[in-house]
Protein chains: 2
Amino acid sequence: MQQTATSRVEDITHYMQALGQRARDASAALRRVDSGRKNAALEAIVARLDAARPNLAAANREDLQRGRDHGLSEALLDRLALTNERVDAMIAGVRQVAALPDPVGQIDGLSYRPSGIQVGQMRVPLGVIGIIYESRPNVTVEAASLCLKSGNACILRGGSEATASNAAIAECIRMGLEDAGLPASAVQVVATTDRAAVGALITMPQFVDVIIPRGGKSLIARIAADATVPVIKHLDGICHVYIDAAADIAKAVAIADNAKTQRYSPCNTMETLLVHVDIAAQVLPSLAAIYRHKGVEMRCCPRTREWIEDAVEASDADWSTEYLAPILAIRIVDDFDRAIEHINTYGSQHTDAIVTENLTLARRFLAEVDSSSVIVNASTRFADGFEYGLGAEIGISTNKLHARGPVGLEGLTTRKYVVFGDGHVRG
Amino acid sequence: MQQTATSRVEDITHYMQALGQRARDASAALRRVDSGRKNAALEAIVARLDAARPNLAAANREDLQRGRDHGLSEALLDRLALTNERVDAMIAGVRQVAALPDPVGQIDGLSYRPSGIQVGQMRVPLGVIGIIYESRPNVTVEAASLCLKSGNACILRGGSEATASNAAIAECIRMGLEDAGLPASAVQVVATTDRAAVGALITMPQFVDVIIPRGGKSLIARIAADATVPVIKHLDGICHVYIDAAADIAKAVAIADNAKTQRYSPCNTMETLLVHVDIAAQVLPSLAAIYRHKGVEMRCCPRTREWIEDAVEASDADWSTEYLAPILAIRIVDDFDRAIEHINTYGSQHTDAIVTENLTLARRFLAEVDSSSVIVNASTRFADGFEYGLGAEIGISTNKLHARGPVGLEGLTTRKYVVFGDGHVRG
């Protein structure tokens, strides 16, 4: 007898709620676990991963074969592949998280109030975190270790292409948790590839405190539109470098080169270059030569094309496009205010940089550009968790509330007020 | 010709979006305004309010008369009344906000990374804040001054009962802003009482960064369900005091008395008292005498009724009810773990207290109770912005993300990363 669509969705919702309840219970248990035991669990997971290399390879071969049968592109197959070196990198990643300081329990600002009570703020886990990601199986262990270290239970929903690899990794995590005496349900991997599971996960605030999607823009936009649980996310990285009239020419050229060409696909790569009209003659010809040499297509405003004659004319859509490719939009602006206006109009509040030796304008840029990372005289490519010293990164947020910019362990925690008295009552 | 419902909603949406765009523009302008000018604007608003006392009184009389005609209760009429003393209090409130330190621009943790860049986090305004509130007109100036001081533009939507009073106050704010040379649209009061205005306000994330509702639970629940803009809120204050076996009897009695009876209507008033079975005989008879004397109805579990024979038997619903009235649920628990379980099951993650001399259990209570305020040996009534030293409070949040507990000026800001280099590029 064929199952109806409605009863299928009901079954999956039921299954997801059972995962949710177990995650809630695990989250309560994790509040009683100290840093040493969490690190012991991470070390146990490392040992289990190391011992499971043949299983991981076999599971991954299964995924790769299915991927080839389904005609996945070479790029996707490469992302999916779990080579021995990638297992080494996964293990190194878990050890790195174990070595990070534990943010949980830290009390800030503890001080006496005139009433005699003592008030401070304690950092605590968020609770249960749902992570939704696409093909890379290494995300499974990376997300699990960051959530575990920050005292959160997590529910992981990987891509259907990586089902067997993710299941094999999940089994290592489960055994590692049990080896260390922690509840296995602290990390749960969703066992169905049905899309209804995502729909359920993002709409059960009674069980899940925050959703972190990792993947393409369309996946994240869909999740953000449908979720009733808060989502930590960014959609676009339309990052700008503004070369001010008072820029040092050598720094400007080096930064504008690096921000675009060091890598094309990351979200912190520059997509639009803004140049003050008074310095255009000094920087555009040398930058154009570099971009031309590296094969970067330039899409320029009419005034820029006076300096770069072979460039394509930019359309309005170019100012709000994240290329993630060797394409760059270039615009000449009349002054600092026009640059700010352009960035705040077309940008995605991700990462924007100014190149200038003018201290007043640098200070204004910091205050007036409303982005999660604002940079003076350095490449936008620095905007990530490792470069900022977070030790690891679970994503980048352009949200205004909670964590903004690269999100590390601290972004997976929240703060509650703690109060100490000696029988104090309010008068 | 009669307007159709659809075109009415369209007109209001259009009107609200125009407010939203003006607020966005004002928010950009406020990023350029220093603390001194914001304080000057607050002082100018004080002067305008002081000079407008006759107008405020006349407008308020109009609201009171309409309220009486519509049969508003005496309690609501009292909340609506804008006496000369309440104008004094409003003025004192604005001056208090002016005297608070400005959180905007503060840079924390600025430090050099191995790459040579210098990274820190700068506190910045959220942007545009929508406040939706009920009858008290003093909220208009209170919310406006907190938003202005924290560099945010705001859109205020007060209750229809207070339309004339709110309009008169808004006029003072507008003139004060203009006196100080700030854009009048930094504070906008919605001029229509149509409910569609609320619907529009909470669903325009392109113009509004956060919604703060102030009012009854049903208003807030409705807003939270429909909003696409993040909402800073709490629904219930089901606050607990747990008297542990190792409690000091005098402290336990004083705290359990104060937490319930100091005032009945605030959200941080105790609604359920939990008592360890081993100390019940020592605290329940004296507490029952106090509550009986003060007219507090006790709803008790069967074991508690052995000590308080005249008490009503509690139903399961009592454990999850916020009475906001002289009613108290009382339950005897077998041990510390049962107390934690009760609080995390039935509580609202608002404010919970333990009375104990046992340090280990006090430390466990702090770590394991997942509430926005967790208190040891003091009354739950301390959980507010003034008692915690925030200087002022725009509300209390039980959200996990962003501000949790009493929300003051800092909760109206967010942090972005700032990076300084000298031409640094990523290798």
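Tell me, yes or no, whether the range B:358-369 has at least one residue that is of a type in the set (Asp, Glu), under 29 Å from residue B:232 (Cβ atoms) and at the interface with chain A (Cβ under 10 Å from one of its Cβ atoms).
Within the range B:358-369, the first condition is being of a type in the set (Asp, Glu), and the residues that meet it are B:368.
Now restrict to residues that are under 29 Å from residue B:232 (Cβ atoms): B:368.
Then keep just the ones that are at the interface with chain A (Cβ under 10 Å from one of its Cβ atoms); that gives B:368.
Yes; the residues of the range B:358-369 include at least one that is of a type in the set (Asp, Glu), under 29 Å from residue B:232 (Cβ atoms) and at the interface with chain A (Cβ under 10 Å from one of its Cβ atoms).
Suppose we keep only residues that are crowded, with 19+ Cβ neighbours inside 10 Å and in contact with a Pro (Cβ under 8 Å, 6 or more places away or on another chain) within the range B:185-232. Which one would you say is nearest to residue B:79 (Cα to Cα)? Result: B:220. Restricted to the range B:243-295, and to residues there that are among the basic types (Lys, Arg) and open to solvent by less than 50 Å² (accessible area, probe 1.4 Å), the residue that is farthest from the chain's Cα centre (by Cα) is B:251.
Looking at A:129, A:107, which is the one that is within 14 Å of another protein chain (Cβ to nearest Cβ) and under 30 Å from residue A:53 (Cβ atoms)? Even if it seems obvious, please write down each step before you answer.
Working: A:107 fails: under 30 Å from residue A:53 (Cβ atoms).
Among A:129, A:107, only A:129 is within 14 Å of another protein chain (Cβ to nearest Cβ) and under 30 Å from residue A:53 (Cβ atoms).
Contact annotation: residue pairs with Cβ atoms under 8 Å, 6 or more positions apart or on different chains, pairing a residue in the range A:343-367 that is touching a residue at least 12 places away in the same chain (Cβ under 8 Å) with a partner that is assigned to a helix (DSSP H, G or I) and of a type in the set (Asp, Glu), are A:344/A:368.
Give me the helices (runs of 4 or more DSSP H) completely within the range A:38-150, filtered to those with at least 1 residues that are out of contact with any helix residue (DSSP H, G or I) (no Cβ under 8 Å at 6 or more places or on another chain) and open to solvent by 50 Å² or more (accessible area, probe 1.4 Å), ordered by residue number.
On the way: elements: A:53-69, A:74-80, A:84-99, A:138-149.
Passing ranges, in order: A:53-69, A:74-80, A:84-99.
Taking the criterion of being closer than 17 Å to residue B:20 by Cα and among the aliphatic types (A, V, I, L, M), the residues of the range B:148-169 that qualify are B:148, B:153, B:155, B:156.
Return the only residue of B:76, B:42, B:100, B:56 being at pLDDT below 95, away from chain A (no Cβ under 14 Å) and under 26 Å from the mean Cα position of the chain (by Cα). So that I can check it myself, show each step before the final result.
Values: B:42 fails: at pLDDT below 95; B:100 fails: at pLDDT below 95; B:56 fails: at pLDDT below 95.
Residue meeting the stated conditions: B:76.
How many residues does the range B:10-37 hold that are assigned to a helix (DSSP H, G or I) and either of a type in the set (Gly, Ala, Ser) or open to solvent by less than 60 Å² (accessible area, probe 1.4 Å) (or both)? Break it down stepwise before answering.
Restricting attention to the range B:10-37, the residues satisfying the condition of being assigned to a helix (DSSP H, G or I) are B:10-30, B:35-37.
In the following step, the residues that additionally are either of a type in the set (Gly, Ala, Ser) or open to solvent by less than 60 Å² (accessible area, probe 1.4 Å) (or both) were identified as B:12-13, B:16, B:18-20, B:23-24, B:26-30, B:35-36.
Within the range B:10-37, residues that are assigned to a helix (DSSP H, G or I) and either of a type in the set (Gly, Ala, Ser) or open to solvent by less than 60 Å² (accessible area, probe 1.4 Å) (or both) number 15.
For the range A:331-348, which residues satisfy the criterion of being at the interface with another protein chain (Cβ under 9 Å from one of its Cβ atoms) and within 24 Å of the chain's Cα centre (by Cα)?
Hit for the range A:331-348 is A:344, nothing else.
Looking at B:71, B:67, B:93, which is the one that is at positive phi and in the same structural domain as residue B:164 (by TED's automatic domain parsing)? It would help to see each step written out before you state the result.
Working: B:67 fails: at positive phi; B:93 fails: at positive phi.
On inspection, the qualifying residue turns out to be B:71.
The values are calculated or read from the model by the stated rules, or taken from the named source; none is laboratory data. Every value quoted in this text rests on a predicted model; they were computed, and no experiment measured them. FYI the Cβ positions are ideal-geometry reconstructions off the backbone, even for glycines, and counts take in every protein chain you see. With ligands, DNA and RNA removed, areas are computed over all heavy atoms of the protein, side chains included. Shrake-Rupley method; radii C 1.70, N 1.55, O 1.52, S 1.80 Å.
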